[in-house]
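K.L.:
Below you will find the structure I want to go over with you.
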Amino acid sequence: TILPRHVSENPGTGEAIPLVSDTHKSSDFIRFLKILDLKYPAQDTIRVILDNHSAHTSKETKSFLDSMPEGRFEFVFTPKHGSWLNMIESFFGKMTKQMLCGIRVKSKQELIDRIYLYFKEINADPVIYHWKYKMDEITV
């Protein structure tokens, strides 16, 4: 299945950053982290909310993180069976209803192009998420 396997949604700007792939391997996740690393200023900490997929904690991923400056990435893992806590899961549901439901495509590339076009369109008029909590007040 071709889907955006990794999406970052910046709550401050509403921008969604996708990586579409047909696998969900450590190398895909690392490629996504590299996209985020290039996107944000070097002094920023990039906080990523993740599910407990093995690609997020693999040896390959840990090795990549060890090569990054300390504190560059901070991972927050949702509890098992707690996907509803992850804003991206809601985003995927919305995308499925708005864009993927009932479409027919002639090729894998057409589907990939449509998914990226969807992200381009929503990023043209992003919705800023108003988080009610301060990160420093949340205990993990």
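The numbers here are math on the coordinates, done by the rules we state, and not lab data. A quick note: this is a predicted structure, and the numbers were derived from the prediction, not measured. Methodologically, a virtual Cβ is constructed for each residue, glycine included, from the backbone with ideal geometry; neighbour enumeration extends over all protein chains shown.
K.L.:
Under a crude label model (7 Å from the Cα following the beta-carbon direction), how far is L117 from K94 in nanometres?
P.N.:
Result for the modelled spin labels: 2.1 nm.
K.L.:
A further question follows. Would you please classify the overall shape of the range 2-79 from the alpha carbon gyration tensor, given that a ≥ b ≥ c denote the square roots of the eigenvalues, rounded means a/c under 1.5, and beyond that prolate means a/b larger than b/c while oblate covers the rest?
P.N.:
Details: a/c = 1.45, a/b = 1.07, b/c = 1.35.
It comes out rounded by the Cα gyration axes.
K.L.:
Another question, if that's okay. R0 = 22 Å: FRET efficiency of R104 with D22, Cβ-based, nearest 0.05? Walk me through the intermediate numbers first.
P.N.:
Values: r = 18 Å, r/R0 = 0.83.
That gives a FRET efficiency of 0.75.
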